[in-house]
1. Any residue in the stretch 1-17 that is open to solvent by 80 Å² or more (accessible area, probe 1.4 Å) sitting within a Cβ distance under 7 Å of a residue that is in a helix (DSSP H, G or I)? List the pairs, counting only those 6 or more apart or interchain.
2. Yes or no: the stretch 116-132 includes at least one residue that is under 30 Å from residue 30 (Cβ atoms) and either open to solvent by 20 Å² or more (accessible area, probe 1.4 Å) or outside any strand (DSSP E or B) (or both).
3. Kindly indicate whether residue 20 is touching a residue at least 40 places away in the same chain (Cβ under 8 Å) and in contact with a Lys or Arg (Cβ under 9 Å, 6 or more places away or on another chain).
4. Go through the stretch 40-59 residue by residue and tally those that are surrounded by 13 or more Cβ atoms within 10 Å (Cβ to Cβ) and of a type outside the set (Phe, Trp, Tyr).
5. Determine, yes or no, whether residue 112 is at pLDDT 95 or above, closer than 30 Å to residue 3 by Cβ and either open to solvent by 20 Å² or more (accessible area, probe 1.4 Å) or in a loop (DSSP other than H, G, I, E, B) (or both).
6. Would you point out the residue of the stretch 29-67, among those that are in a loop (DSSP other than H, G, I, E, B) and under 16 Å from the mean Cα position of the chain (by Cα), that is farthest from residue 108 (Cα to Cα)?
7. Test of understanding: among 143, 74, which residue is closer than 20 Å to residue 21 by Cβ, open to solvent by less than 20 Å² (accessible area, probe 1.4 Å), of a type outside the set (S, T, N, Q) and part of a strand (DSSP E or B)?
Amino acid sequence: MSITVNGLDELRKLAGSDLGTSEWIEVTQERIDTFADATGDHQWIHVDPERAKDGPFGAPIAHGYLTLSLFIPLFTELLDVRGVTTKVNYGLNKVRFPAPVKAGSRIRLAGRLAAVEEVSGGVQITVDGTLEIEGGAKPAAVLQSLSRFYA
């Protein structure tokens, strides 16, 4: 369930809050193949299901950067900031990929609004995110994302 805030003042009050978890989404082989086409990364571990069966993970796996790219659509399920003119992705402080995402797996985002800091014309938020794999012992990704919201 999404948390909705109206304006920067309400966003500031959320600093330190748990944002909950998104819905699960499936990382299909088609999504992996589309990402490979978009980036030019056609390594067999991602796009050759037959060969990947005999690889280190027993199945094709999503690119780490595909997994990371799913942060934004999943994050929009957690926090809806209204009453601002501009929202921009500012970057990342940390990213780790503790476990691969096998084709057909489902992932979701668990998020925490770690900080809200003032920047010229708005605020910068730091979100601690964990991309969980359904039934997995380890997460697919652990990250700290920075976004800016301008009044």
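1. Pairs found: none.
2. Start the filter on the stretch 116-132 by keeping residues that are under 30 Å from residue 30 (Cβ atoms), which leaves 127, 129-132.
Keeping just the survivors that are either open to solvent by 20 Å² or more (accessible area, probe 1.4 Å) or outside any strand (DSSP E or B) (or both) gives 130, 132.
Yes.
3. no
4. Step one: list which residues in the stretch 40-59 are surrounded by 13 or more Cβ atoms within 10 Å (Cβ to Cβ), which gives 41, 45-49, 52, 55, 57, 59.
Cutting the leftovers down to of a type outside the set (Phe, Trp, Tyr) gives us 41, 45-49, 52, 55, 59.
Total satisfying the criteria: 9.
5. Values: at pLDDT 95 or above: yes; closer than 30 Å to residue 3 by Cβ: yes; either open to solvent by 20 Å² or more (accessible area, probe 1.4 Å) or in a loop (DSSP other than H, G, I, E, B) (or both): yes.
Yes; evaluated as a whole, the condition is true for this residue.
6. Our first condition is that a residue be in a loop (DSSP other than H, G, I, E, B); within the stretch 29-67, this holds for 40-43, 48, 53-60, 62-63.
Add one more test, that the residue is under 16 Å from the mean Cα position of the chain (by Cα), and what stays is 62-63.
Details: 62: 14, 63: 16 Å.
Only one residue fits best here, namely 63.
7. Working: 74 fails: part of a strand (DSSP E or B).
Only one candidate qualifies: 143.
The values are calculated or read from the model by the stated rules, or taken from the named source; none is laboratory data. None of the values given here were measured: they were computed from a predicted structure. Counting neighbours? That spans all protein chains shown, and the Cβs are built from the backbone with ideal geometry, glycine included. Protein only, heavy atoms only, side chains kept; ligands, DNA and RNA dropped before computing areas. Shrake-Rupley method; radii C 1.70, N 1.55, O 1.52, S 1.80 Å.
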